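One structure is given here, and the rest of the page talks about it.
The values are calculated or read from the model by the stated rules, or taken from the named source; none is laboratory data. This one's a predicted model, so the numbers in the text were calculated from it and none came from an experiment. Note: ideal-geometry Cβ built from the backbone for every residue, glycine included; neighbour counts use all protein chains shown.
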Amino acid sequence: MSHSKTIQTDKTNIVDSACLEVWPKTTKTYSLLISNQSRDSHYLRIHGLKPNLLHIIGNCRKVRLLDIGCGNGWLLDETKPHEGYACDIVEQHDINPKWKFQIQDARDLSYQDDFFDITVASLVLIWFKELGAAVEQMHRVTKPGGKAVIVIVHPYFYRVGNPDNNGNFIISKNLSKPFKIQDLKIGGIAGPLTYYYRPFVDYLNICINTGFRIRQVFDWFVNMEDYVQNTKNGMDSSIVRTDKVPMYSFIECEKE
Ligand SMILES: C[S@@+](CC[C@H](N)C(=O)[O-])C[C@H]1O[C@@H](n2cnc3c(N)ncnc32)[C@H](O)[C@@H]1O
């Protein structure tokens, strides 16, 4: 079935301003956190996020790519697309000037329809309520035949429970319906932020209902042996990690 219609997002649905308030105060700490090699957040990105995201995006030599919620713009530097666009709700001063950066909200993009070969939202869709509006915008600005890539911290890991001393993961929340966590700090230091939990299938169903075809979904788990070996000397994190639940999930969609 073809879904190549233009979707008009109802912008009056955008009511949640928490991300607009908290991210400007957090961007700097977040950037420092992920580049600081003495934090385990750095390990998780280098071993989990980055290789899998670059693999799913593929070769960008001939493509026009948009990185939504780009942070410091690392993804464009790595993928080196033919034309690189980036946006974020927060001004980003460190982005390479060869990439076209604009302040834009993922839920209300101003790019034209069917414009990008690839759109990416890496660790972004978990920070606001209007997931549907953001996925509709990704669909609208992606070309027919183009792809959208979504990465999230897996919702069954993210603050829904805690590892115990035996390495088991003890779930402490009701995972059947969405909820919100306030005062969340990434890596224990970047924040406080507001995080929106929803069941993992909600992400998939929203992509399907928006008109995307899901091409692949996969999870990345921490390899505890490697983690312990690589982080034993002075990794400054008080967070106990586990390999019992997935850490990152990657969703590749195609606009038909
Ligand atoms: C966890 S960081 C991820 C940054 C980058 N994508 C990465 O993978 O490292 C989340 C980013 O999303 C941005 N963000 C949060 N809400 C947003 C929204 N509604 N529209 C666009 N960007 C948003 C934040 O400012 C922040 O830069």
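Of Asp117, Asp67, Asp105, which residue is buried (at least 18 other Cβ atoms within 10 Å of the Cβ) and closer than 19 Å to Tyr195 by Cβ?
Asp105
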* Checklist (1) part of a loop (DSSP other than H, G, I, E, B); (2) surrounded by fewer than 22 Cβ atoms within 10 Å (Cβ to Cβ) applied to Pro144, failing item -> (1)
* **Contacts under 9 angstrom Cβ, first residue in the range 244-256 being more than 18 Å from Tyr43 (Cβ to Cβ) and at pLDDT 95 or above, partner of a type in the set (Asp, Glu) and part of a loop (DSSP other than H, G, I, E, B), 6 or more apart** => Lys255/Asp114
* From the list Lys50, Lys62, Lys25, Lys80, which one is within 23 Å of Asn230 (Cα to Cα) and surrounded by fewer than 17 Cβ atoms within 10 Å (Cβ to Cβ)? -> Lys50
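Looking at this structure, is Asn52 out of contact with any Cys (no Cβ under 6 Å at 6 or more places or on another chain) and either in contact (Cβ under 8 Å) with a residue 24 or more places away in the chain or within 14 Å of the ligand (Cβ to nearest atom) (or both)?
yes
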* Structure fact -> Taking the range 72-124 and keeping only residues that are within 11 Å of the ligand (Cβ to nearest atom), of a type in the set (A, V, I, L, M) and closer than 24 Å to His154 by Cβ, one is left with Leu75, Ile89, Ala106, Val120, Ala121, Leu123, Val124
